[in-house]
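What follows is a short report on a single structure.
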Amino acid sequence: MRKQPGTRAAAAARHGVARVISKLGLASRTQAARWVGDGRVRVNGRVVLDGEFPVRQGIDRIDIDGREPAPAERVVLMLNKPRGLVTTAKDDQGRETVYRCLAGAALPWLAPVGRLDKASEGLLLFTNDPAWAARVTDPSTGPPKTYHVQVAGLPDAHLIARIARGVELGGEHLAARSVHSLRSAQKNTWLEIVLDEGRNRQIRRMLEAFDLRILRLVRVGVGTLQLGELAKGSWRRLTELEIESL
């Protein structure tokens, strides 16, 4: 990232150095800010100690531990998240996180793409490419997400149609792209729910509004990518074709 004279330098947008390092796929913004605070980062040959120090990406030179870093090779993987793990790198309450499933693997820094809450299971993506993650999670550009949800009771077709139309909660209209029944037993039903966007605890909030108690919630698909036979707690890398399809 070398400084160049002229109008290009004047017009270039400035971003905090920790953010720029994170966008290279080398670390989270928090970890990058820690590197800056530890004096490991130079901008145009000068040590900076503030993660918000403004730099012009592509113009100013950033060195970490004396070297100019290259963008990391993009890695995307999918995990079959077990129930009981929280989707965060570090939990303030000391609960086990999804990174337990990646422990010991030779992987670069990776961040979850979206979230599954502690009680939810299934397909969870990770990547070191923040721009790709932003496209996947953006409601206007990202793929639909498919969930299989076991609920107590036997909701009829009328109730299922009402769930799909959605409900107003806290100033938000929560609705699904589609909802239909997969199968029923004597006391419970499996529903397939497809969302165009995944707001915080959206399915749980929607179903609670219709007095339906969730027994299990499993994300089984993101766009064309399916959880398939991936064992619980296991992960695999996505192919370039799979990555681009999302």
If a helix is a whole DSSP H run, which ones in the chain reach 20 Å or further along their own axis (Cα) and hold a mean Kyte-Doolittle hydropathy of at least 0.0? none
Could you name the lysines whose alpha carbon sits less than 20 Å from that of residue 118, not counting residues in the same chain fewer than 8 places away? 81, 90, 145, 232
Determine ³J(HN,Hα), in whole Hz, for all residues of region 186-197 in sequence, where each value follows from phi through the Karplus function 6.51 cos²θ - 1.76 cosθ + 1.60 and θ = phi - 60°; x replaces Gly and Pro. 5, 10, 8, 9, 9, 10, 9, 10, 10, 10, 7, 9
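Using the beta-carbon distance between residue 167 and residue 134 and R0 = 30 Å, what value does 1/(1 + (r/R0)^6) give for FRET efficiency, to the nearest 0.05? Working shown, then result.
Values: r = 28 Å, r/R0 = 0.93.
Once the sixth-power term is evaluated, E becomes 0.60.
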Put +1 on the Cβ of every Lys and Arg and -1 on every Asp and Glu Cβ in the chain; which of 69, 79, 173 then has its Cα farthest towards the positive end of the dipole? 69
Which whole-number percent is the relative contact order of the chain (Cα, under 8 Å, 6+ apart)? 19 percent
Which of the following values of Cα extents along the principal axes in Å was calculated from the structure shown: (i) 71, 40, 38; (ii) 47, 43, 33; (iii) 70, 44, 28? (i)
Where Lys and Arg each count +1 and Asp and Glu each count -1, what net charge lies around residue 131 among other residues with Cβ under 10 Å from its Cβ? +2
Tell me, what is the FRET efficiency for residue 201 and residue 31 to the nearest 0.05, using R0 = 22 angstrom and their Cβ-Cβ distance as r? 0.20
Quote the charge dipole size of region 109-190 about the Cα centre in Debye, to the nearest 20; the model charges only the Cβ of Lys and Arg (+1) and of Asp and Glu (-1). 240 debye
Compute the distance in nm between two label points, each set 7 Å from the Cα along the Cα-to-Cβ direction, one at residue 157 and one at residue 141. 4.1 nm
Determine the shape class of region 7-64: with a ≥ b ≥ c the square roots of the Cα gyration tensor eigenvalues, call it rounded for a/c under 1.5, and otherwise prolate if a/b is greater than b/c, oblate otherwise. prolate
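Under a point-charge model restricted to the Cβ atoms of Lys and Arg (+1) and Asp and Glu (-1), what is the dipole moment magnitude of region 145-222 relative to its Cα centre, in debye to the nearest 20? Kindly include the intermediate steps, with their values, before the conclusion.
Values: 13 positive and 8 negative charges, 56 e Å.
Charge dipole, region 145-222, about its Cα centre: 260 debye, nearest 20.
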Quick one: net charge of residue 17's neighbours, Cβ under 9 Å, K/R +1, D/E -1? -2
Once the dipole of region 145-222 is set up from charges on Cβ (+1 Lys and Arg, -1 Asp and Glu), the residue from the list 217, 163, 200 lying farthest towards its positive end is 217
In the neighbourhood of residue 84 defined by beta carbon distances under 15 Å, the net charge of the other residues (Lys, Arg +1; Asp, Glu -1) is +4
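No lab work stands behind these numbers, since they all come straight from the coordinates. These numbers come from a predicted model, not from an experiment. Please note: Cβ atoms are built from the backbone with ideal geometry, for glycine as well, and neighbour counts cover all protein chains shown.
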